[in-house]
Amino acid sequence: MPGQLSFFTAGVRPPAVDDLDGVLLGIAQLVRLGGTARLSVLVDQPWRVEAILTAYAERGLRGAAVPTGEGMTTVRTPFTKALLPCAERWVRGAVKSVPAGFALDGTRLRLWAMGAGRRDDHGYLFRLSPHDPAVWEPAGAALAAFGLTASFLGPRADGPAYRITGRRRSARLREFVGDPPAGAGDIDWPG
């Protein structure tokens, strides 16, 4: 039925800290310290900084933007107990890995797009961290299980990333992630 919201569309349920699993599929990192954890996302555009800070605030987390001096900004939380369950799911030793039973929804997909998504000439890319190869295959499996089968691009082919192509999948992607955050350009958000 046209115009009907899917249960999986971003914004149909209240924000939760577990939603931040979406940015962890991309380029975000978690660091544990004692009984706390910190989430950091390295971004390259001001709209991404504001969107991620807003996402943190919606989940009751403070955030700070720390310029790196290389045209990038780290958007991070302070060390907090609220992120410890997330760190326990995602970090094994010093390695980030997708938790068993992980499933995407519209909110997690939206957060992945905010932190590490962009269009290219062939479709929409969900970038992955080159430092977390253990995440690559499960991220693709999660996209496929969510009905968004994507092509993997290796590090030598403008990746690591997954590319969503095709009119039907692109329409589903737009439905799931919702409207672009303020300031997101045409190249940054599924169109």
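The values are calculated or read from the model by the stated rules, or taken from the named source; none is laboratory data. Here the structure is a predicted model, which is why all the values come from computation and not from measurement. Positions of Cβ are backbone-derived with ideal geometry, glycine not excepted, and every protein chain shown enters the neighbour counts. Just so you know, the surface numbers come from the protein's heavy atoms only, side chains and all, with ligands and any DNA or RNA stripped out. Shrake-Rupley method; radii C 1.70, N 1.55, O 1.52, S 1.80 Å.
Rolling a 1.4 Å probe over the protein chains gives R172 an accessible area of about 90 Å². The helix-only estimate of mean residue ellipticity at 222 nm for the chain, built from DSSP H runs of length n ≥ 4 each weighted as -39500 (n - 2.57), is -9000 deg cm²/dmol after division by the residue total. Solvent-accessible area of V49, all protein chains in place: 20 Å² (probe radius 1.4 Å, heavy atoms, ligands and nucleic acids excluded). Annotation: amide H-H contacts under 5 Å for R119 (H modelled 1.01 Å from N, sequence separation of 5 or more, or interchain): L125, D188, W189.
Ordering P46, L33, A116 by the projection of their Cα atoms onto the charge dipole of the chain, which places +1 on the Cβ of Lys and Arg and -1 on the Cβ of Asp and Glu, puts L33 at the extreme positive end.
Rounded to the nearest 10 square angstrom, D19 shows an accessible area of 0 square angstrom against a 1.4 Å probe. Could you work out the local net charge near T77, counting Lys and Arg as +1, Asp and Glu as -1, over the other residues with Cβ closer than 10 Å to its Cβ? So the surrounding residues net to +4. Pairs of Cα atoms in the chain fall into 5 Å distance bins, from 0 up to the last occupied one, in shares of 1, 8, 17, 22, 22, 17, 9, 3, 1, 0 percent.
Note on the chain: with a GNM built from Cα contacts shorter than 10 Å, the maximum mean-square fluctuation among A144, A28, A161 falls on A144. Taking H131, H122 and ordering them by how much accessible surface each has at a 1.4 Å probe, largest first, produces H131, H122.
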